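Written below as structure tokens is the structure these notes are about.
The values are calculated or read from the model by the stated rules, or taken from the named source; none is laboratory data. From a predicted model like this one, the values you see are computed outputs, not experimental measurements. We place every Cβ from the backbone using ideal geometry, glycine too, and count neighbours over all the protein chains shown. Areas reflect the complete protein model, heavy atoms only, side chains present, ligands, DNA and RNA absent. Shrake-Rupley method; radii C 1.70, N 1.55, O 1.52, S 1.80 Å.
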Amino acid sequence: DDQIEEVVNACSGLSRDKTGALILFERNHGLLNYSTTGTQLDAKIHSDLIYTLFQNSSPLHDGAIIIYNNKIQAAGCFLPLSKNIGLDRQYGTRHRAALGVSEVSDALVVIVSEESGTISICHNGKFHTCIDENDLRKQLRINLYSARLVELPKRQAA
């Protein structure tokens, strides 16, 4: 719950400032291939760190951060874009990357839109727009706690 609160607090600040973000929670399907494209951090999950990583002045702001085993494993990670040609044109690269990785893994992805400040969650190839912080908190709890019912596997490539 503390880690979920840190992510919710960071996303709230990023949303308020309209600063884009892409946060992946690795679940049962390994994301090591994507993690290695970024800078390895192995850092404690903290809202200030997450907020700072996505600031335009940060060299890691353009990529995604990957959370695994209760740590920010990597930042500035590159993700595959969705090949879904029916995707609404309103979705930019950040949303297409979230959708793309959710189509090839069971990752839970949190997206903060740079244009609107809207916070969304993407998993299993579907978006859910969060109406507020409480909705984000609820969605994270539902999706992350259900993933914990399955034992975490050894980390592997996607």
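Miscellaneous remarks
- Applying a threshold of 7 Å to beta carbon distances and a minimum spacing of six or more residues, or different chains, the list of pairs starting in segment 32-46 at a residue that is without any contact (Cβ under 8 Å) to a residue 40 or more places away in the chain and ending at one that is part of a loop (DSSP other than H, G, I, E, B) and of a type outside the set (Lys, Arg) reads Thr39/Leu60.
Every residue, every condition in (1) polar (S, T, N, Q); (2) within 18 Å of Leu140 (Cβ to Cβ); (3) at pLDDT 90 or above, yes or no:
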| residue | (1), (2), (3) |
| --- | --- |
| Glu26 | no, yes, yes |
| Thr52 | yes, no, yes |
| Lys83 | no, no, no |
| Gly92 | no, no, no |
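- Output for segment 124-142, where each listed residue is in contact with a helix residue (DSSP H, G or I) (Cβ under 7 Å, 6 or more places away or on another chain) and more than 20 Å from Phe54 (Cβ to Cβ): Asn124, Gly125, His128, Arg141
- When the residues of segment 104-118 are filtered to those that are out of contact with any Phe, Trp or Tyr (no Cβ under 6 Å at 6 or more places or on another chain) and open to solvent by less than 10 Å² (accessible area, probe 1.4 Å), the one that is farthest from Ile142 (Cα to Cα) is Gly117.
- Qualifying residue in segment 54-70 (condition: open to solvent by 30 Å² or more (accessible area, probe 1.4 Å), at pLDDT 95 or above, within 19 Å of Asn9 (Cα to Cα) and of a type in the set (S, T, N, Q)): yes
- Scan of segment 77-103 for residues that are under 21 Å from Asn28 (Cβ atoms) and either open to solvent by less than 80 Å² (accessible area, probe 1.4 Å) or touching a residue at least 40 places away in the same chain (Cβ under 8 Å) (or both), ordered by number: Cys77, Leu79, Pro80, Ser82, Ala97, Ala98, Leu99, Gly100, Val101, Ser102
- Sole residue being modelled with pLDDT of 95 or more, under 20 Å from Ile131 (Cβ atoms) and crowded, with 21+ Cβ neighbours inside 10 Å, chosen from Ala21, Ala74: Ala21
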